[in-house]
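Student: There's a structure below that I have some questions on.
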Amino acid sequence: MTLLITLFAAIISTVVWYVSQRGGELKLGTLCLMYWGASLMWFVDAIVEYFEVGAEYFAPAAEDMLNDAFLGLSVVALGLVIWLGVLLVKDPLGKVREVIKK
């Protein structure tokens, strides 16, 4: 589940970055790279786990799937928080500077 959730987040953020006119300004590339990195990490984890447990990998318990889903959603949320932090620090559109000056 973690792999699927982060993979969907990576694909969606990449499509938004590619289609958006302001993708570069809003640092969407950073968000894409975080999600693709997380997807690669979970993919390697899935391969290693498959080699360890074999065919049992494809029949997880419901509790394990729920835990993996929460972990995947937590990773996506953490990626968004880090991306928002980058946006606030870099302030590509100057909005934070305008609010501070007022």
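The values are calculated or read from the model by the stated rules, or taken from the named source; none is laboratory data. Given the structure is predicted, the values throughout are model-derived calculations rather than measurements. Heads up, the Cβs are rebuilt from the backbone with ideal geometry, glycines too, and the neighbour counts pull from every protein chain shown. Each accessible area value is taken on the protein alone, full model and side chains, heavy atoms only, with ligands, DNA and RNA left out. Shrake-Rupley method; radii C 1.70, N 1.55, O 1.52, S 1.80 Å.
Student: Would you confirm, using the coordinates I've provided, whether Leu40 is part of a helix (DSSP H, G or I) and surrounded by 11 or more Cβ atoms within 10 Å (Cβ to Cβ)?
Tutor: Taking the combined requirement at face value, the residue satisfies it.
Student: For segment 85-101, indicate whether the set of residues that are surrounded by fewer than 13 Cβ atoms within 10 Å (Cβ to Cβ), part of a helix (DSSP H, G or I) and within 14 Å of the chain's Cα centre (by Cα) is non-empty.
Tutor: No, every residue in segment 85-101 fails to be surrounded by fewer than 13 Cβ atoms within 10 Å (Cβ to Cβ), part of a helix (DSSP H, G or I) and within 14 Å of the chain's Cα centre (by Cα).
Student: Say we look at segment 1-37 and pick out the residues that are among the polar types (S, T, N, Q) and not in a helix (DSSP H, G or I); which of these is modelled with the highest pLDDT?
Tutor: Ser20
Student: Here is a follow-up. May I ask you to list pairs of residues, at least six apart or on different chains, whose Cβ atoms are under 9 Å apart, with the first in segment 4-28 being in contact (Cβ under 8 Å) with a residue 12 or more places away in the chain and the second being among the β-branched types (Val, Ile, Thr) and surrounded by fewer than 17 Cβ atoms within 10 Å (Cβ to Cβ)?
Tutor: Correct list of pairs: Lys27/Val86; Leu28/Val16.
Student: Same structure again: Restricting the search to segment 61-80, which residues are more than 10 Å from the chain's Cα centre (by Cα) and open to solvent by less than 100 Å² (accessible area, probe 1.4 Å)?
Tutor: Selection gives Ala61, Ala62, Asp64, Met65, Leu66, Asn67, Asp68, Ala69, Leu71.
Student: Residues being open to solvent by less than 40 Å² (accessible area, probe 1.4 Å) and either under 27 Å from Asn67 (Cα atoms) or among the polar types (S, T, N, Q) (or both): count how many of those fall in segment 21-36.
Tutor: Residues that pass the stated criteria total 3.
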